[in-house]
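Since the structure comes first, as C-alpha cells, the remarks are kept for the end.
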Amino acid sequence: MKKIAIIGGGAAGLMAAISAAQSDRSSSVTVIERNSRPARKVMITGKGRCNVTNNCNNETLIANIPKNGKFLYSAFSEFGSADVMSFFEECGVSLKTERGNRVFPVSDRAVDIVDALVDKAKKSGVNFAQGRATKILSSNNKVFGVKLENGMSISADSVILSTGGMSYPLTGSTGDGYEMAKELGHTVNEIYPSLVPLVCHEGFCSALSGLALKNITASFFEEGKKKPIYSEQGELLFTHFGISGPLTLSASAHLRYMNKKSYYLLIDLKPALSIEQLDKRLLRDFSAELNKDLKNSLDALLPKSLIPIVIKLSGVDGNIKVNQITKEQRNSIISVIKGLKLHIIGTRPIEEAIITGGGISVKEIEPNTMMSKIVSGLYFAGEIIDVDAYTGGFNLQIAFSTGFVAGKNSVNKE
C-alpha cells in the first residue's frame, strides 16, 4: 500500500488528494492542513463567489498565463477547463458562465465549491491531519515522510507540496513550502505580489478614491520603452494609494521588477473616440453653452471629480469661458483625456495580493507529472510553482490541473 502525504489542503492539495485516492484505491492518502477547515483561501476567491475556472480552450488558458504558461500545457491537456467544470457538476454544484467566460457556482457561494472538494475527498477515502508541516523527510534524494510542528511524523512514499504562496497569510499561506523545498535543494525564484493593487506617485489619486472608470483603455509602460507591456480595455478603480480594479490587477502580473525598473500608466478615458472625434465632441459641447466656464462645461464628458484634475493637467485656466478657448488649448485638454498619466512607484504588500508571483522553478519540475527532478517522490501543485495568471479563473484552473496531475502520478511512481 502506497502512502501519499499532501502538505496543504487548498484547491491544489484537495484536488491532488482526490486524484491520488481515485487513481489507486488501495493507497493511503493524507492531507496535512494547519487550519481546522481546509481551503480557506478558496472561500474568499471571486469576492466570496469563487471564480472556479474560465470556460475556454487550452490555448486561451496558456495565453492568460504571462509567466511560464507553456510549462502547463501537459497539465491542461490532462485536466482542462471542461474537466474542472464536469468535476463540480458531478459533485452536485451547478455552474454558470459569465462575462469573460468566467465560471461561477450558480449559488454564487464559494463555500459550495469548498464543500464539494472536501466531501469528494472524504468519500474517496482521504484522511485529514490537522497540523503544521515543518520538514519533508528524505534520504538519498528520496522522500520518506513529513515532520509536523508538534513533533509527530507521517510516513510517506510520495509527498505533494501544495502550501500556496504568501498572499492572504490569515488563510494559512505563509511561505512555509518555499523553505521546505529549499532544504531539499530546490530553487525558489524571487517571490513578489501579483494580481495586486498598485501605488502611484500622483497625489490626486486619493482625491479620486472610490471613482471607478469603466470602458477605459489602460496601457502600462516601462520607462524608456515605446511599446506597452500591457494594454487592455476595461475597468479601473482609484484608491487612496493609487489604483486597483480588474485592469490594474492583471497589469500587475507584468510589473515584476519594481525594485529595478520604473513604470507608468496612460489612461485613455475615451477610447471609443479618435482625437478628431473627441475634438468635434468638445466643440459641440462648448457651442451649446458658450458663456460657461471651462470647469463647468465637461460634466457630460467626464466624471465630476475628474474634471478639475484633467483641467489642471492640461494647463488651461478652468475659469476661462469656453467661447475663448483656442484650438491649442483644446488639444491640451484632449491630450490629457486620451493619455492621463500615472507613475507607478510600487505595489501594495504581498499580504494584499490575490496570488504570489515567483516560487519553485519550473526547470526543476517534470511538466508531465509535477514530480521534482531533484528529489524522488516529491511533487508540486498550485501556487507554490513559479506560474501565475490573470484574473478570470485561470489561477484556480492552474491549481486544479497541477493538483490532479501530481495526485495521479504520486501513486503511479514505481
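The values are calculated or read from the model by the stated rules, or taken from the named source; none is laboratory data. Treat the numbers as computed from the prediction; the structure is a model and nothing was measured. We place every Cβ from the backbone using ideal geometry, glycine too, and count neighbours over all the protein chains shown.
Per the conditions (1) farther than 25 Å from ASN55 by Cα; (2) aromatic (Phe, Trp, Tyr); (3) at pLDDT below 95, the sole criterion not satisfied by TYR390 is (1). Tally up the residues in the range 335-350 that are assigned to a helix (DSSP H, G or I) and touching a residue at least 40 places away in the same chain (Cβ under 8 Å), please. Qualifying residue count, the range 335-350: 2. Pairs, please: C-beta under 8 Å, at least 6 apart or cross-chain, first residue surrounded by fewer than 16 Cβ atoms within 10 Å (Cβ to Cβ) and in the range 120-145, second among the β-branched types (Val, Ile, Thr) and in a loop (DSSP other than H, G, I, E, B)? Hits for this filter: ASN141/ILE374; ASN141/VAL375; LYS142/VAL375. Assess whether GLU289 counts as being touching a Pro at 6+ places or on another chain (Cβ under 8 Å), over 30 Å from PHE79 (Cβ atoms) and of a type in the set (D, E, K, R). So GLU289 fails the test. For the range 404-414, a residue qualifies if it is out of contact with any strand residue (DSSP E or B) (no Cβ under 8 Å at 6 or more places or on another chain) and either of a type outside the set (Val, Ile, Thr) or under 18 Å from GLY46 (Cβ atoms) (or both), and the qualifying residues are PHE404, LYS408, ASN412, GLU414. Of the helices (runs of 4 or more DSSP H) lying entirely inside the range 239-334, those carrying at least 3 residues that are in contact with a strand residue (DSSP E or B) (Cβ under 7 Å, 6 or more places away or on another chain) and not hydroxyl-bearing (Ser, Thr, Tyr) are 246-252. With the condition kept exactly as written, say whether any residue in the range 19-42 is without any contact (Cβ under 8 Å) to a residue 24 or more places away in the chain, closer than 30 Å to SER231 by Cα and either in the same structural domain as ASN189 (by TED's automatic domain parsing) or buried (at least 21 other Cβ atoms within 10 Å of the Cβ) (or both). Scanning the range 19-42 turns up no residue that is without any contact (Cβ under 8 Å) to a residue 24 or more places away in the chain, closer than 30 Å to SER231 by Cα and either in the same structural domain as ASN189 (by TED's automatic domain parsing) or buried (at least 21 other Cβ atoms within 10 Å of the Cβ) (or both).
Would you say GLY9 is small (Gly, Ala, Ser), farther than 30 Å from ASN150 by Cβ and either under 17 Å from the mean Cα position of the chain (by Cα) or outside any helix (DSSP H, G or I) (or both)?
Values: small (Gly, Ala, Ser): yes; farther than 30 Å from ASN150 by Cβ: no; either under 17 Å from the mean Cα position of the chain (by Cα) or outside any helix (DSSP H, G or I) (or both): yes.
No.
Return yes when GLU235 is in contact with a helix residue (DSSP H, G or I) (Cβ under 7 Å, 6 or more places away or on another chain) and either surrounded by fewer than 19 Cβ atoms within 10 Å (Cβ to Cβ) or of a type in the set (Ser, Thr, Tyr) (or both) and no when it is not. Talk me through it step by step, then tell me what you get.
Numbers: in contact with a helix residue (DSSP H, G or I) (Cβ under 7 Å, 6 or more places away or on another chain): yes; either surrounded by fewer than 19 Cβ atoms within 10 Å (Cβ to Cβ) or of a type in the set (Ser, Thr, Tyr) (or both): yes.
Answer is yes for this residue.
Is it the case, given these coordinates, that THR163 is polar (S, T, N, Q), under 28 Å from ARG99 (Cα atoms), crowded, with 16+ Cβ neighbours inside 10 Å and in contact with a helix residue (DSSP H, G or I) (Cβ under 9 Å, 6 or more places away or on another chain)? When the stated conditions are applied, THR163 does not pass them.
Against the numbered list (1) crowded, with 16+ Cβ neighbours inside 10 Å; (2) of a type in the set (Gly, Ala, Ser); (3) more than 30 Å from the chain's Cα centre (by Cα), GLY382 comes up short only at (3). If I filter the range 398-409 for residues that are surrounded by fewer than 24 Cβ atoms within 10 Å (Cβ to Cβ), part of a helix (DSSP H, G or I) and either in contact with a helix residue (DSSP H, G or I) (Cβ under 8 Å, 6 or more places away or on another chain) or at pLDDT 95 or above (or both), do I get at least one hit? Yes, the range 398-409 contains at least one residue that is surrounded by fewer than 24 Cβ atoms within 10 Å (Cβ to Cβ), part of a helix (DSSP H, G or I) and either in contact with a helix residue (DSSP H, G or I) (Cβ under 8 Å, 6 or more places away or on another chain) or at pLDDT 95 or above (or both).
With the requirement that a residue be aliphatic (A, V, I, L, M), surrounded by 12 or more Cβ atoms within 10 Å (Cβ to Cβ) and under 39 Å from the mean Cα position of the chain (by Cα), what does the range 293-330 give you?
The answer is LEU298, LEU301, LEU302, LEU306, ILE307, ILE309, VAL310, ILE311, LEU313.
Applying the selection to the range 124-134, what residues are outside any strand (DSSP E or B) and either within 19 Å of SER372 (Cα to Cα) or among the hydroxyl-bearing types (Ser, Thr, Tyr) (or both)? Walk me through how you get there before you give the answer.
Filtering the range 124-134 for residues outside any strand (DSSP E or B) gives 124-126, 131-132.
Within the range 124-134, SER124 is the sole residue that qualifies.
The number of residues in the range 388-397 being touching a strand residue (DSSP E or B) at 6+ places or on another chain (Cβ under 6 Å) and outside any helix (DSSP H, G or I) comes to 3.
Hey, among the residues in the range 181-200 that are under 15 Å from SER372 (Cα atoms) and β-branched (Val, Ile, Thr), which one's surrounded by the fewest Cβ atoms within 10 Å (Cβ to Cβ)?
Within the range 181-200, the subset under 15 Å from SER372 (Cα atoms) is 181-188.
Filter again for β-branched (Val, Ile, Thr), leaving 187-188.
Numbers: THR187: 14, VAL188: 18.
Step by step, filter the range 181-200, then rank; the result is THR187.
Here's the yes/no breakdown for (1) under 24 Å from ALA12 (Cβ atoms); (2) modelled with pLDDT under 95; (3) more than 25 Å from the chain's Cα centre (by Cα); (4) assigned to a loop (DSSP other than H, G, I, E, B):
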{"residue": "VAL118", "(1), (2), (3), (4)": "yes, no, no, no"}
{"residue": "LYS122", "(1), (2), (3), (4)": "yes, no, yes, no"}
{"residue": "ILE136", "(1), (2), (3), (4)": "yes, no, yes, no"}
{"residue": "PHE144", "(1), (2), (3), (4)": "yes, no, yes, no"}
{"residue": "GLY165", "(1), (2), (3), (4)": "yes, yes, no, yes"}
{"residue": "TYR178", "(1), (2), (3), (4)": "yes, no, no, no"}
{"residue": "TYR192", "(1), (2), (3), (4)": "yes, yes, no, no"}
{"residue": "LYS214", "(1), (2), (3), (4)": "no, no, no, no"}
{"residue": "GLY224", "(1), (2), (3), (4)": "no, yes, yes, yes"}
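Okay, residues lined up against (1) modelled with pLDDT under 95; (2) within 23 Å of ALA156 (Cα to Cα):
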| residue | (1), (2) |
| --- | --- |
| MET15 | no, yes |
| ALA39 | yes, yes |
| ILE44 | yes, no |
| LYS47 | yes, no |
| GLU59 | no, no |
| VAL84 | no, no |
| PHE87 | no, no |
| CYS91 | no, no |
| PHE104 | no, no |
